[in-house]
1. Being of a type in the set (A, V, I, L, M, F, W, C) and within 23 Å of B:Lys82 (Cβ to Cβ) is the requirement here; does A:Ile47 meet it?
2. Are any residues in the stretch A:39-72 loosely packed, with under 11 Cβ neighbours inside 10 Å and either within 16 Å of A:Thr6 (Cα to Cα) or within 15 Å of DNA strand D (Cβ to nearest atom) (or both), and if so, which ones?
3. Suppose we filter A:Ala35, A:Ala89, A:Ala93 for residues that are exposed (fewer than 15 other Cβ atoms within 10 Å of the Cβ) and among the aliphatic types (A, V, I, L, M); which single one remains?
4. Which one of these does A:Ala20 not meet: (1) away from every other protein chain (no Cβ under 14 Å); (2) within 13 Å of DNA strand D (Cβ to nearest atom); (3) more than 30 Å from B:Asn101 (Cα to Cα)?
5. When you go through (1) under 30 Å from B:Phe96 (Cα atoms); (2) in contact (Cβ under 8 Å) with a residue 24 or more places away in the chain one by one for B:Leu80, which number turns out not to apply?
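Since every read-out is calculated from the coordinates, none of them should be taken as a lab result. This is a predicted model, so every value here is computed, not measured. Glycine also receives a Cβ, built like all others from the backbone with ideal geometry; neighbour counts cover every protein chain displayed.
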2 protein chains.
Amino acid sequence: MTLSNTEEQLMEHLWRLEKAFMKDILEVYPEPKLATTTVATLLKRMIDKKFVAYNEFGNSREYYPLVKKSDYFSKHVNGLIKNFFNDSASQFASFFTRETNLTEKELEELRKIIDVELQKKKK
Amino acid sequence: MTLSNTEEQLMEHLWRLEKAFMKDILEVYPEPKLATTTVATLLKRMIDKKFVAYNEFGNSREYYPLVKKSDYFSKHVNGLIKNFFNDSASQFASFFTRETNLTEKELEELRKIIDVELQKKKK
DNA sequence: ATTTTACTTCTACGTTTGTAGAATTAAAAT
DNA sequence: ATTTTAATTCTACAAACGTAGAAGTAAAAT
């Protein structure tokens, strides 16, 4: 079960908001806004797909994500990696490092992170 | 204009093959094979979308990709980054480094690449 | 108490996707 | 020359998507 593009965008909003009522969701959409019913349909489909759940509060609902962004994202990137890089994460990483233009500072940060990861592995 | 999932897979094959006749394409598909007509339909749609072209050879065609994998891929990852990481490539990178389980060797390679990039920037 | 507002459900409809049979065509094999 | 094989085009169809109106419902505002 996967999310379609529009559903994914909505999911992204939910992750950011953590919990959200309909009005909160509508607010974060940029112009031209989707119709309320469109968002409602999307939410319903996402609930069916088990990506979203809600708590009932009176007549309205507080929606929240059922899957963690990191989990969803991992699967996503792994798919990408499988599809485009022969299942080699490092091939992907090197491509990524070359192709996106990270600033010097960002690259340095990234190297720090890598060092930390390396430390972890070595232990 | 984007490729659907199945189209993307086919595209991946084409990138690997560089050029391919129908039979070559059918070969690389794992069981259960798609019907020839299915692949033909996909190819036709991809031609319409300007992702694929072909040279005519007798009654059959040699198909080839019109877009480079790296270009396609960049757009793809940038979408991901925009969608999930607030448009911050470094945020993505750090997430990626932590969440995918790169081996020690891979991490070290990656650090090398980063160093090279850093050298370039510094010049 | 009645109107307004916010939200949800139901229904719908055109488009895209995934899949492939039928018919056709052209080349290859016999 | 005739049959077989490979590829292409046309047609089709169910499922998924993107989008939203109509209608109902419950809470809030007046």
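1. Considered against the rule, which asks whether it is of a type in the set (A, V, I, L, M, F, W, C) and within 23 Å of B:Lys82 (Cβ to Cβ), A:Ile47 comes out as no.
2. The answer is A:Asp48, A:Lys50, A:Asn55, A:Glu56, A:Phe57, A:Gly58, A:Asn59.
3. None of the others qualify; the one that does is A:Ala35.
4. A:Ala20 satisfies every listed condition except (2).
5. (2)
Residues are listed down the side, and each one gets a yes or a no for (1) under 16 Å from A:Asn78 (Cβ atoms); (2) at the interface with chain A (Cβ under 7 Å from one of its Cβ atoms):
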residue	(1), (2)
B:Phe84	yes, yes
B:Gln91	no, no
B:Asn101	yes, no
B:Asp115	no, no
B:Lys120	no, no
